[in-house]
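Accompanying notes for the structure given below.
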Amino acid sequence: MSIVEEHPAMDEARQWFSFDDGDVVLRSEDGVDFRVDSLILRRASGLFADIFALPPKQQNDCSSSSSPEPIAMIEPASVIDDLLRLIYPISASPTITSDAQALSLLRA
């Protein structure tokens, strides 16, 4: 069973944060990919600005994939989804229902 089947709300996350022209893939610790724009991440976060300032990894010449290599995140998909809803210019704000959820979001 995949993460999406176990967590139907992640279908919506994939819909909101799976842009065909996104140049970055954030992979949650539970295996959900978010294809987003590095420009928005750089503007919202000094950490992401520093990460994207690093020289890109050398790509294997045999690799013909146009998909960027995922950046492994330590947060679960639900936290990354909430974080992206805070920083992305969309109308779907996160719904914070517990102190633990708010704390996880602040740590991210």
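Numbers at a glance
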{"read-out": "Residues that are farther than 15 Å from I80 by Cα and surrounded by fewer than 15 Cβ atoms within 10 Å (Cβ to Cβ), drawn from region 30-58", "value": "L39, R43, G46, A49, D50, I51, A53, L54, P55, P56, K57, Q58"}
{"read-out": "Qualifying residue in region 38-55 (condition: at pLDDT below 85 and in a loop (DSSP other than H, G, I, E, B))", "value": "yes"}
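The values are calculated or read from the model by the stated rules, or taken from the named source; none is laboratory data. Keep in mind that what you see is a predicted model, and the values were worked out from it rather than measured. In this analysis, Cβ positions are derived from the backbone assuming ideal geometry, glycine residues included, and neighbour counts consider all displayed protein chains.
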